[in-house]
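All remarks here apply to the structure that follows.
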Amino acid sequence: MRSNGTGEEHWRTDFIGQRGEGVAREEPQAFLIEMSANEVIVPHFHEVDQFQVFVAGSGSLGRHAAAGPLAVHYTDHHTGYGPINASAQGFSYFTLRARTDPGAVYLHKPGYRERLKPSKKRHGVADGIALSTEPVLMSRKEIAVEKLLADLDGSDGLAATLMRMGPGMVTGGPDPSATGGQHYLVVNGSLETGSEEYAAWSTVFVPATDPALELRAGPKGLEVLLLQYPRPQTQ
């Protein structure tokens with residue numbers, strides 16, 4: 001596909017939901033963007049809150065180098081960010097949203113100011129997130145929960161954490177009712193919930209109206225990002 005902002009070509013794979021095509025919907029989105037070598041996605045904003053998880057290649061987000069092997073970025077609705085600059089090796093990231101965005105609003109195009117609305121303007125990056133090697137993850141004896149983006153105000157339910165679990169360990173996720181919904185993104189090992197097993201780079205969305213998710217680590221353990229959206233009345 002070609003970027004609406006620059007016309008440069010990159011690749012998009014949808015996992016949950018579909019492109020907004022100018023229409024906002026109460027449906028979650030999860031998709032992978034794989035940028036071309038040295039591509040630039042120019043500054044813009046969206047009408048909905050979103051997380052981005054950088055998983056391959058290298059590059060920068062605004063003035064911040066999103067250092068690997070894993071980096072998490074959050075931005076509020078109607079909050080400008082960027083540019084996203086890919087290196088010669090490209091740059092790949094998941095975009096996750098609790099609501100479908102109608103499409104990016106680019107800051108270099110006329111009329112963008114008229115589309116701005118009040119928001120908390122939160123914007124943060126947690127990078128340099130290391131994943132466990134297979135033998136270390138398989139020998140883990142206790143569940144670890146690491147808080148990310150701790151400097152952002154989470155009074156409205158916003159949160160990001162990394163959970164590390166040894167094989168067969170079981171825990172319950174936090175109650176989603178105080179949030180705007182939750183995305184779980186498996187980044188290492190596998191997640192078992194109900195009768196389903198989710199391998200690395202799978203994602204599960206839990207609406208605010210659902211019960212908390214029960215997580216069971218697969219036979220090689222589990223490392224999973226839990227990304228919680230702010231309650232919708234803040235938008």
Notebook entry, point to check: Can you sort TRP11, TRP201 by how many other beta carbons sit within 10 Å, fewest first?
Noted result: TRP11, TRP201
Next item on the list: Could you tell me the distance between the Cα centroids of the range 49-67 and the range 108-159, to the nearest Å?
Entry: 11 Å
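Calculated FRET efficiency, ARG113 and SER87, Cβ-Cβ r, R0 30 Å, to nearest 0.05? List each step's numbers first, then the result.
Details: r = 32 Å, r/R0 = 1.07.
Working from the Cβ atoms, E equals 0.40.
Going by C-beta contacts inside 10 Å, put SER195, SER60, SER87 in order with the fewest on the left. All intermediate terms of the calculation are to be shown ahead of the outcome.
Values: SER195 5, SER60 18, SER87 15.
In increasing order of surrounding Cβ atoms, one gets SER195, SER87, SER60.
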Notebook entry, point to check: Under a point spin-label approximation (7 Å from Cα along Cα-to-Cβ), what is the LYS147-PHE15 distance to one decimal in nm?
Noted result: 2.6 nm
Notebook entry, point to check: Among residues other than VAL187 whose Cβ falls under 11 Å from its Cβ, what is the net charge (Lys/Arg +1, Asp/Glu -1)?
Noted result: 0
Notebook entry, point to check: If you work out semi-axes √(5λ) of the Cα gyration tensor in Å from the coordinates, which of (i) 36, 23, 14; (ii) 44, 23, 16; (iii) 29, 21, 15 do you get?
Noted result: (iii)
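Quick one: order ASP153, ASP49 by neighbouring beta-carbon count within 10 Å, fewest to most. Provide the component values of the computation, followed by the final result.
Working: ASP153 9, ASP49 27.
With the sparsest Cβ surroundings first, the list reads ASP153, ASP49.
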Note to self: Run the simple label-point estimate for SER177 and VAL23 please: 7 Å along Cα→C-beta, distance reported in nm.
What the structure shows: 3.2 nm
Notebook entry, point to check: Taking the chain, how many lysine pairs are there with alpha carbons less than 25 Å apart, if each pair must be eight or more places apart or span two chains?
Noted result: 7
Next item on the list: Using a cut-off of 15 Å between beta-carbons, work out the net charge of the residues near GLU214 (Lys and Arg +1, Asp and Glu -1, GLU214 not included).
Entry: -4
Check: What is the list of residues in the range 142-174 whose amide nitrogen lies under 17 Å from a point 7 angstrom out from the Cα of VAL136, following Cα to Cβ?
Finding: 142-147, 162-167
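Each reported figure results from applying straightforward, stated rules to the coordinates on display, with no laboratory input. Treat the numbers as computed from the prediction; the structure is a model and nothing was measured. Ideal geometry is used to build each Cβ from the backbone, glycine not excepted, and the neighbour counts take in all protein chains shown.
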